[in-house]
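A short worksheet on the structure shown next.
The values are calculated or read from the model by the stated rules, or taken from the named source; none is laboratory data. This one's a predicted model, so the numbers in the text were calculated from it and none came from an experiment. Glycine gets a Cβ as well: all are built from the backbone with ideal geometry, and neighbour counts include every protein chain shown. Keep in mind that these areas ignore ligands, DNA and RNA; they rest on the heavy atoms of the full protein, side chains included. Shrake-Rupley method; radii C 1.70, N 1.55, O 1.52, S 1.80 Å.
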Amino acid sequence: MFERLRAEERGVAMIISIAVAFIVLLLSTVVVAQSIHSLESSGYDRERLLSVNAAEAGTNHWYAFLETTPPGTMAANAGCDAGTGKLTISDVVQSGPSPAAFTSIGTFYAAGGSTEMNCSTFSDTNYPSFAKVESTGTINGSPNRTIETYVRLTPNYGGFGAAILAVNGPDFQGNFTVNGNTGNDGDIYVLNGNLNIQNAMTVYGNLYVPFGSALLRNGAIVKGNLWTRDDMDLENPSTVEGASLSSEGDIVGSGFINDDATAAGNVDSATLTIGGVVTEFVTMPDVPTQSFPQITSSTASWITSGYTLVDYSANAGATKCAKARDWIKNTWASSGITNALIRIDETCTFTPPNNETYTIRGHLGILSDGGFNFSQRSTWNGTSGSIKHLHFISVYSATCSSTTKDITVGNNTSFNSFTQVSFYTPCKATLNNQNAFAGQVLAKDVTIGNNFKMSYKPVLVPGITGVTGFKQDISYIHE
């Protein structure tokens, strides 16, 4: 009986072995399938991550592009589509084993952020205030990941970017105000010498003294930063609302610094009121500076930029300065000229008579071997519509002889809201105007009298200045 039972159980072990093997096979198949799925998921995740990285590379490329590209170059870029007004940039990011790529599209907006601008129309005088960039990254064509960023644009100006640029220490005699163009950018540069402000003033910008010291008294207010090479003395109630920096000296006084105070020497935190971080006895970089531009009598760049050289020889006047004034007042309207360039190759002084009114029909550049005297009341009205640039330029010379090349702006000289004015002289500029004007002042020596008021506006000089790119204030960035 037992023999029969053992005989009937023969082969069971094989069946069990086969069943176990089958189960192991099934488990192995599941493990393999899971491994393949994990591998595919890992590969997809890697591609997704690389796509995101490529999209970020696109936005970073745009930041650099906006920082270094003039608006005219943007307009000529092959990626600028005049039909849509958008600018497209594509590139390959070398990330093995397969290269990732991005395609980024920029949309531009005018001031206010709602009106789109066409990239093909950009120039030194027509450029965007905002940009939205949509950057899509891919690897092997998929997956697509898109990052969007929106930035506010502030133009960088080559040549000179300052409200007031003085070679030597300026003479600020009374209360005055310098407003910024976009925020606190109404900067003052003192290229050599010291800055000494004894009266109340408000500057909506930064003060740079790259080769000297600064003393502020009697309620002077700097809305931006104050940066000197040598010592800085802020006396109560003077205030620097930004940071104060001294590259080689101390920061002392009893005034107020709302932000950080940083110096190569001592920071007198016991008497100063400082709202930020105090850092002293550290190695500091040099103070930012600029070169004083040399604007010569050459007319080539002006003509290339759309100015017409005026022939005023038939106009009334005993000097070329008088003839030039007569052309502006009495001949410009009928001349057919829009943007006028007047070259005065005589050392006369351009002096408008009292109560004279001039209508400015386009941009006006006056390149004179002499100076300008606006000590009497004169009115300069730009026609409505676009802004008119006025350039009063005493052409560059290495030396100053007497007052031949000086510029004087007296009380009640008036420039209306459709004008932006630049005063340039390699000698002395004296500004006593109680009426506000918009523009720039560049001179070897600058004297500012009481109640002077100006707003910084970059008045581009052909061949010297231009928009070289844009600083960016990032509003948002997200996927």
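Numbers at a glance
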item	result
Listed residues Phe211, Phe418 arranged by accessible area, highest first, probe 1.4 Å	Phe211, Phe418
Modelled FRET efficiency - R0 22 Å, Asp259 with Asn236, Cβ distances, 0.05 increments	0.80
Distance (nanometres) between label positions extended 7 Å along Cα→Cβ at Glu346 and Ser90	6.3
Highest average packing first - 376-382, 218-224, 53-59, Cβ atoms within 10 Å	53-59, 218-224, 376-382
Exposure rank, largest accessible area first [Lys405, Lys132; 1.4 Å]	Lys132, Lys405
Label zone at Thr359 (point 7 Å along Cα-to-Cβ), backbone N below 18 Å, the stretch 310-331	325-331
Computed lengthening from Asp326 to Asp311, 0.36 nm per intervening residue step minus Cα-Cα distance	4.2 nm
Per residue, the convex hull volume that the Cα atoms of the stretch 363-479 enclose (Å³)	147
Value at 222 nm in deg cm²/dmol, rounded to 500, when DSSP H runs of n ≥ 4 in the chain each add -39,500 (n - 2.57)	-6000 deg cm²/dmol
Kirkwood-type radius of the stretch 259-359, with distances r between different C-alpha atoms, in Å	18.6
Gain upon complete extension [Ala318, Asn451; 0.36 nm per residue less C-alpha separation]	44.4 nm
Dipole magnitude of the stretch 126-202, debye to nearest 20 (Cβ charges: Lys/Arg +1, Asp/Glu -1, about Cα centre)	240
Long pairs among Lys388/Lys428; Lys405/Lys444; Lys320/Lys388; Lys329/Lys428; Lys132/Lys223, criterion Cα-Cα beyond 20 Å	Lys388/Lys428; Lys320/Lys388; Lys329/Lys428; Lys132/Lys223
Computed E for Ser401/Thr68 - FRET, C-beta separation, R0 45 angstrom, nearest 0.05	0.60
With every protein chain in place, the stretch 264-420: carbon and sulfur % of accessible area (1.4 Å)	46
Placed amide H near Asn156: partners under 5 Å, 5+ positions off or other chain	Thr468, Gly469, Phe470, Lys471
Cα-Cα separations in the chain greater than 43 Å, expressed as whole percent	35
Those aspartates and glutamates that a straight Cα-Cα span of less than 18 Å connects to Lys323, excepting residues fewer than 8 apart in one chain	Asp311, Asp345, Glu346, Glu356, Asp369
Sequence-distant aspartates and glutamates (8 or more away, or on other chains) whose Cα lies within less than 15 Å of Lys457	Asp124, Asp185, Asp187
Probe 1.4 Å, accessible area per residue of the stretch 73-199, Å²	40
Normalised contact order of the chain, rounded percent, pairs of Cα under 8 Å and 6 or more residues apart	13
About the Cα centre, charge dipole magnitude for the chain (Lys/Arg +1, Asp/Glu -1 at Cβ), debye	1420
Cα gyration tensor shape of the stretch 297-352, rounded if a/c is under 1.5, else prolate or oblate by comparing a/b with b/c	oblate
Surface accessible to a 1.4 Å probe, per residue, for the residues of the stretch 207-327, Å²	44
Shape metrics for the stretch 282-411, restricted to C-alpha atoms - Rg then Dmax, Å	16.7, 65
If the convex hull is drawn through the Cα atoms of the stretch 181-255, its volume per residue in Å³	68
Calculated on alpha-carbon atoms, Rg and Dmax of the stretch 88-231 in Å	22.5, 68
Nearest-ten-degree value, helix 12-68 long axis tilted from longest Cα axis of the chain	0
Extent along principal axes [Cα atoms of the stretch 400-465; Å; largest to smallest]	35, 33, 14
